[in-house]
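**Q** Take a look at the following structure, please.
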Amino acid sequence: MDIRAAKAVVTGGASGLGAGVGRYLASRGAQVTLVDLQADAGQKTAADIGPAARFIQCDVTQEA
């Protein structure tokens, strides 16, 4: 699958399945934004993925 031009937002991206999805998408060339409440874990995961990833701390269960 060619997703080199894709941009993805992955909720729950700090760890577990979300982090795995973020790694997979980035390995295929997508730019990935990981979002999660866990700031330390999210920043580490984004750093581990590399320049294709960034992290934003947020609570997606709250509309505001």
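The values are calculated or read from the model by the stated rules, or taken from the named source; none is laboratory data. On a predicted model such as this, the values are computed, not experimentally measured, just so you know. We work out accessible area using only protein heavy atoms, side chains counted, and drop any ligands, DNA or RNA first. Shrake-Rupley method; radii C 1.70, N 1.55, O 1.52, S 1.80 Å.
**Q** Give the long-range amide H neighbours of Leu37: residues separated by 5 or more places, or on another chain, with amide H under 5 Å away, using H modelled in the peptide plane at 1.01 Å from N.
**A** Distant-sequence amide H within range of Leu37: Cys58.
**Q** Then there's this: Which translational diffusion coefficient, to the nearest whole µm²/s, is obtained for the chain from the Stokes-Einstein equation, given a Kirkwood hydrodynamic radius over C-alpha pairs, 25 °C and 0.890 mPa s?
**A** 217
**Q** Further question: Provide the solvent-accessible area of Ile49, counting protein heavy atoms only and rolling a 1.4 Å probe, rounded to the nearest 10 Å².
**A** 40
**Q** Taking amide H positions as placed in the peptide plane 1.01 Å from N, state which residues far from Val32 in sequence (5 or more) or on other chains have amide H under 5 Å from it.
**A** Distant-sequence amide H within range of Val32: Ala8, Ala53, Arg54.
**Q** Using the alpha-carbon atoms, what tilt in degrees (0 to 90, nearest 10) does helix 16-27 show relative to the longest principal axis of the chain?
**A** 30
**Q** So what is the relative contact order for the chain, in percent, with contacts set as C-alpha pairs under 8 Å and at least six apart?
**A** Computed over the chain, the figure is 32 percent.
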